[in-house]
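To start, the structure itself, in structure tokens.
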Amino acid sequence: MQIFTTIPGLRTFLADYRHDRSIALVPTMGALHKGHASLIRRAVTEAEVTVVSIFVNPLQFGPTEDFSRYPRSLDSDRQLCESLGVAAIFAPSAETLGIGNSEEITAVVPPISLTSGLCGAFRPGHFQGVATIVTRLFNIIAPTIAYFGEKDAQQLAIIRQLVRDLNLAIEIRACATVRETSGLAVSSRNQYLSAAEREKATIIAQSLQLALESFRLGERQREKLLAIVQKNLDRVPEFRPQYLDLVHPQSLQPIEQIEARGLLAIAGLIGQTRLIDNIILRQRRAVIAIDGPAGAGKSTVTRLVAEKLGLTYLDTGAMYRAVTWLVVNSGLDLSAEAAIAELLSLAKIEIIPADNPENVTIVKINGQDVTLEIRSPAITSQVSRIAAQKAVRQQLVTLQRQMGMSGGIVVEGRDIGTNVFPEAELKIFLTATPEERARRRLKDLEAQGNGGISLAELTQEIEKRDYLDSNRSLAPLRKAADAIEVNTDHLTITEVTEKIIALYHQGEENQWRSL
Ligand code: AMP
């Protein structure tokens, strides 16, 4: 691991990776704890190179806030980053970032609708300071992915908007709040709390938990949910709330009633220490993401799981076929990536998933039904060339996410759990040893009358394919940190399917997420 304090040092280090590797950024103010560690762990598994920035940003502290006494612990931060597999720490000084006098620098001003409520009302200028520094870090590091904690939900919404508004080619990934066993959200500022205060502070998470339970029983009304939280908070007068609100997680505007999702957020003081916490109240059917190497039985298992659970099988392959059809029929050269990106952006692709096992996914392009045509050998032979194009992949991932937003789907691929649906309720990594996959393949080939290849040769071929799939620059095969590995070596298709279904039911019972 390397530590850089200057922009030229870091940029030169990253230049080697820029071309085709994914670069993750985890922006922090240091004093790293297990909340940060969860972001870093995800970054390290999901991207090729991870940079952790450590900078206590003076622009985001108010004049009476704790800038000078904010905890700083570069030595232990360095050790933690190193142990987690971070490639580089970027720890610039304020001078390096050129932010001497806040009056004299270009500021990034997020929309007032996002900054006027919640923490923004109590910390004037805070989010402008965050946005200004994060934009600089984005420009210096130019990451492909950046990780932020849901604990700072307002910051997350503002950064997402910033990336959209400034057309930055950075994907923002949100990580669930990490908590102490008491429920208290882990924070660098928890260090300021005495043992007694720490105990009192658990009332925050406990109150959110009560709202969550009520939400699960069907409560959707603002007034009722806020009243439950307020009543419980009142039991601990040492906690002095600044706000308690129910807002839309993206617009941050107060909502009267939860439709799809609501963000219930609290901030307040215990002694001199300001604490924040929140919970997303969301109800949707689960998303099941099934990733794994080629030949592990993913597509058969995925279809069966969808059928047995009455969920929708999201056929991502049909999407790539649809685009291939579009390109072939437009007369464009299949390697004309820019023209294809433009063509696809202007096209209307409709994927209507099968609602029973007998029928197939209906695919329409610009209103024309191409369900059958996309299965022709002419399309089948070209689809991998189209699927290898970055812009195609990006646009189809966006479409897949839109289709999966309200849940109730099963999807298979190489990077569904890490990239397409990182927030999937159930992630399965379906695998089998290369020898076993070779044996299965040989059996298939022999059944088709195509024997004549040795088991050893097939095993070698499969190992080579695994290596290529894990090291390709676009959508490499990755096991998500929170995926459950299912090795199918000694299992039948039915046993594998049943295992996944059991995991699903178990998750449903526990409602997937709790505080
Ligand atoms: P900070 O160092 O406080 O600026 O935090 C750096 C990043 O870590 C931000 O994206 C935070 O949202 C995230 N973070 C801080 N605490 C937690 C936590 N308990 N769980 C998850 N993420 C967190």
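The values are calculated or read from the model by the stated rules, or taken from the named source; none is laboratory data. None of the values given here were measured: they were computed from a predicted structure. Counting neighbours? That spans all protein chains shown, and the Cβs are built from the backbone with ideal geometry, glycine included. With ligands, DNA and RNA removed, areas are computed over all heavy atoms of the protein, side chains included. Shrake-Rupley method; radii C 1.70, N 1.55, O 1.52, S 1.80 Å.
The table below gives the values:
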{"quantity": "Entirely in region 244-363, the helices (runs of 4 or more DSSP H) that have 1 or more residues that are under 27 Å from K499 (Cβ atoms), in contact with a Ser or Thr (Cβ under 7 Å, 6 or more places away or on another chain) and of a type outside the set (A, V, I, L, M)", "calculated": "298-309"}
{"quantity": "In region 134-193, the residues that are in a loop (DSSP other than H, G, I, E, B), over 28 Å from T5 (Cα atoms) and within 7 Å of the ligand (Cβ to nearest atom)", "calculated": "A176, T177, V178"}
{"quantity": "Pair list, Cβ under 6 Å, 6 or more apart: region 248-274 residue closer than 24 Å to E65 by Cα, other residue surrounded by fewer than 13 Cβ atoms within 10 Å (Cβ to Cβ)", "calculated": "G268/R240; L269/R240"}
{"quantity": "Residue match in region 494-511 (condition: over 30 Å from V186 (Cα atoms), within 30 Å of the chain's Cα centre (by Cα) and part of a loop (DSSP other than H, G, I, E, B))", "calculated": "no"}
{"quantity": "Some residue of region 371-392 being at positive phi and in contact with a strand residue (DSSP E or B) (Cβ under 9 Å, 6 or more places away or on another chain)", "calculated": "no"}
{"quantity": "Positions within region 363-379 being open to solvent by less than 60 Å² (accessible area, probe 1.4 Å) and either small (G, A, S) or over 20 Å from L332 (Cβ atoms) (or both), in sequence order", "calculated": "G367, T371, S376"}
{"quantity": "Within region 43-74, considering residues that are touching a Lys or Arg at 6+ places or on another chain (Cβ under 7 Å) and either within 13 Å of the ligand (Cβ to nearest atom) or among the polar types (S, T, N, Q) (or both), the one most open to solvent (accessible area, probe 1.4 Å)", "calculated": "T45"}
{"quantity": "Per-region count, region 428-459, residues open to solvent by 10 Å² or more (accessible area, probe 1.4 Å) and under 28 Å from the mean Cα position of the chain (by Cα)", "calculated": "2"}
{"quantity": "Number of the exception - D20 against (1) away from the ligand (no atom under 13 Å from the Cβ); (2) open to solvent by 50 Å² or more (accessible area, probe 1.4 Å); (3) assigned to a helix (DSSP H, G or I); (4) touching a residue at least 60 places away in the same chain (Cβ under 8 Å)", "calculated": "(3)"}
{"quantity": "Some residue of region 380-399 being in a helix (DSSP H, G or I), more than 30 Å from R42 (Cα to Cα) and open to solvent by less than 70 Å² (accessible area, probe 1.4 Å)", "calculated": "yes"}
